[in-house]
1. Going through 34, 65 one at a time, which residue ends up being at pLDDT 85 or above, in contact with a Lys or Arg (Cβ under 9 Å, 6 or more places away or on another chain) and assigned to a helix (DSSP H, G or I)?
2. Which pairs have Cβ atoms under 7 Å, sit 6 or more apart or on different chains, and link a residue in the stretch 61-86 that is touching a residue at least 40 places away in the same chain (Cβ under 8 Å) to one that is of a type outside the set (Phe, Trp, Tyr)?
3. Scan the stretch 49-72 and tell me whether some residue there is more than 30 Å from residue 95 (Cα to Cα) and basic (Lys, Arg).
4. Does residue 72 meet the test of being over 11 Å from the mean Cα position of the chain (by Cα) and either at pLDDT below 85 or hydrophobic (A, V, I, L, M, F, W, C) (or both)?
5. Checking the conditions here, which among 14, 39, 23, 44 is more than 24 Å from residue 3 (Cβ to Cβ) and either in a loop (DSSP other than H, G, I, E, B) or at pLDDT 80 or above (or both)?
6. Within the bounds of the stretch 84-100, is there any residue that is touching a strand residue (DSSP E or B) at 6+ places or on another chain (Cβ under 9 Å) and either surrounded by 15 or more Cβ atoms within 10 Å (Cβ to Cβ) or in a helix (DSSP H, G or I) (or both)?
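The values are calculated or read from the model by the stated rules, or taken from the named source; none is laboratory data. Only a predicted model underlies this, so the values are computations on that prediction, with no experimental measurement involved. Backbone-built Cβ (ideal geometry, glycine too); neighbour counts: all protein chains shown.
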Amino acid sequence: MVSLEAYLLVASILFAIGLFIALGKRNLISIVMGIEIMLNAINLVAISFARYGSMFDNQIDALAGHVLVIFILTVAAAEAAIALALCVLVYRHFNTINVSDMTS
């Protein structure tokens with residue numbers, strides 16, 4: 001069985017990669033993808049704690065992590081749809097999606 005520390009290590013690596021992408025890239029789509037990777041790392045942490053939280057008294061408390069993940073996935077899907085729509089609008093207006101080229 002895989003330990004909780006292994007899941008947390010993978011989640012922290014994913015979060016670091018997402019943070020590097022979001023802060024290091026100048027392309028708007030890459031920034032959105034970095035944010036999505038960070039949200040998936042948070043989902044992995046929540047599911048890991050829900051899975052290894054066997055010390056809960058009842059199953060309702062154990063399902064709190066799963067409910068949180070469903071909420072985060074819903075927010076991430078909405079954020080991706082809105083961000084891609086904004087990317088299309090920015091490209092139509094500025095003819096580029098590089099953040100550094102947008103001056104106004």
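1. Details: 65 fails: at pLDDT 85 or above.
So the residue among 34, 65 that is at pLDDT 85 or above, in contact with a Lys or Arg (Cβ under 9 Å, 6 or more places away or on another chain) and assigned to a helix (DSSP H, G or I) is 34.
2. Filtered contacts from the stretch 61-86: 76/36; 76/39; 80/32; 80/36; 83/32.
3. Step one: filter the stretch 49-72 for residues more than 30 Å from residue 95 (Cα to Cα), giving 49-72.
Right, trim to basic (Lys, Arg) and you get 51.
Within the stretch 49-72, one or more residues are more than 30 Å from residue 95 (Cα to Cα) and basic (Lys, Arg).
4. Values: over 11 Å from the mean Cα position of the chain (by Cα): no; either at pLDDT below 85 or hydrophobic (A, V, I, L, M, F, W, C) (or both): yes.
So residue 72 fails the test.
5. On the way: 14 fails: more than 24 Å from residue 3 (Cβ to Cβ); 39 fails: more than 24 Å from residue 3 (Cβ to Cβ); 44 fails: more than 24 Å from residue 3 (Cβ to Cβ).
Sole residue among the options that is more than 24 Å from residue 3 (Cβ to Cβ) and either in a loop (DSSP other than H, G, I, E, B) or at pLDDT 80 or above (or both): 23.
6. Looking only at the stretch 84-100, we keep the residues that are touching a strand residue (DSSP E or B) at 6+ places or on another chain (Cβ under 9 Å), and these are 97-99.
Okay, now just the ones that are also either surrounded by 15 or more Cβ atoms within 10 Å (Cβ to Cβ) or in a helix (DSSP H, G or I) (or both), so 97, 99.
So far as the stretch 84-100 goes, yes, one or more of its residues are touching a strand residue (DSSP E or B) at 6+ places or on another chain (Cβ under 9 Å) and either surrounded by 15 or more Cβ atoms within 10 Å (Cβ to Cβ) or in a helix (DSSP H, G or I) (or both).
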